[in-house]
């Protein structure tokens, strides 16, 4: 699913109308018909449609017409100065009047009272006040209308974007419609990715309104939301005659005294993801502890310099950082791996922390480097505030990846995965997974998929999707889901997704 900004959508609409020759009124009609498919017409009979004077309002007028023609009870309200009504909006407004539907104007607080009375009686309220173009705080009358809609509606369906929301940032500009469902058009709006927007959008559906793909591709900026079918097709397959050497060698460099859990989780996740041979490299002091726990993985002492060097050279993928500690020794270890590795390097946790002030190392490496920071770690290496990163996650991740030539997986709600050119958003996962070790588990899955031949960017997408998918599935029966639960279910989850893709 493609993601877009208001500016991209505006350019797409303009090109479809002016260059392809699709009349704007046709796109508006298509949008209205798509919304109608989500209104449960067999269940509900009474509708209130609130329209603005822009093209979003035109969609609303068209929706109201179709509801009227299907014998539904409707009331239509219009807010805004009719002088500013767009041409396509005006066409649908006038059609409504000619089929004996008279939109009631909202000009003052007395009109808002009339709106409240209608809302209380309606089964469904349709919000078509503002579209993607809203950029400034709404005025008092609009604020009152939105408050009344939120307080008196049984359920609200938003057309394209919940009114009051900036479709680029997800910020609510004063007051915002709290919809049960948002029917958006052609592209998933960038603002929907922001924290907390689900309280306003409700369930999001993106519908195609008939704009040719070549127009979309011309303006789209390579931002996508991961979808199950595509991930399922990408997951590593096991050849009939394959053996362990075919599925790669993973070296996990992790753990320190008091932090053996991170090393165990990362290593075990790589094993369960299907890697052929997995070795944990750790300091001698904790090696015996981990050797007794890791049945299918080997261990080695990273303090044995020549042996460590040999493992670095012969590994297909290396992940470094979980539980290592933020210390000069960790920096030394990360540097050695970056400068000597022959395959992709996944850096997590303390491996990222020690890069603060040492980011030039990323440019010196000759292999593909992957960083998997959470917000705090990203703040440390970029010197940006956590709050700024939270509000600008896509831009921060893209800029960092492009500047240092790495792939970034920025963890959190709607995880961002980017190489600076192409960006993917992972929608899976939930708060049941909010526990220690989850990031270590994800790191191990990433390494396991890369070792089996997945290109690094795709491996990150597959791992993040699977990780969150397993958490969602387990949380159906569990209050809290721990990393060990995810690890146990990894091979089952892979198989289940692959079986689904064959149907």
Restricting to Cα pairs under 8 Å and 6 or more apart, the percent relative contact order of segment 262-403 works out to 16
Volume per residue (Å³) of the convex hull spanned by the alpha carbons of segment 73-216 is 128
Segment 128-163 and segment 355-420 have their Cα centres apart by a whole-number Å value of 35
Computed over the chain: longest principal axis from alpha-carbon atoms vs helix 140-152 long axis, angle to nearest 10 degrees, is 80
For the chain, the longest principal axis of the Cα atoms and the Cα long axis of helix 328-340 enclose an angle in degrees, to the nearest 10, of 90
The rounded separation in angstrom of the Cα centers of segment 228-259 and segment 1-53 is 43
Restricting to Cα pairs under 8 Å and 6 or more apart, the percent relative contact order of segment 365-438 works out to 26
Relative contact order in percent for segment 200-288 (Cα pairs under 8 Å, 6+ apart) equals 27
Using alpha carbon centers only, segment 187-208 is separated from segment 441-502 by a whole-angstrom value of 24
A chain fully extended from residue 7 to residue 33 at 0.36 nm per residue, minus the present Cα-Cα distance, gains in nm 6.9 nm
Per-residue Cβ contact counts at 10 Å, fewest first, order 217, 496 as 217, 496
Between the Cα axis of helix 6-15 and the main Cα principal axis of the chain, the angle (0 to 90°, nearest 10) is 60
In nm, the gap between the two label points placed 7 Å beyond Cα toward Cβ at residue 421 and residue 18 is 3.0
From fewest to most C-beta neighbours within 10 Å, the residues 169, 423 line up as 169, 423
So, with points 7 Å from each Cα along the Cβ direction, the residue 285-residue 73 label distance in nm works out to 7.6
Under the 7 Å Cα-to-Cβ spin-label approximation, residue 222 and residue 40 lie apart by a distance in nanometres of 4.2
Matching label for the computed semi-axes √(5λ) of the Cα gyration tensor in Å, out of [x] 29, 28, 25; [y] 52, 21, 20; [z] 41, 27, 23, is [y]
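Bear in mind these aren't lab numbers, they're just calculated from the coordinates by the rules spelled out. Remember, it's a predicted structure, so these values are computed and weren't measured experimentally. As a convention, Cβ positions derive from the backbone with ideal geometry for all residues, glycine included, and neighbour counts pool all protein chains shown.
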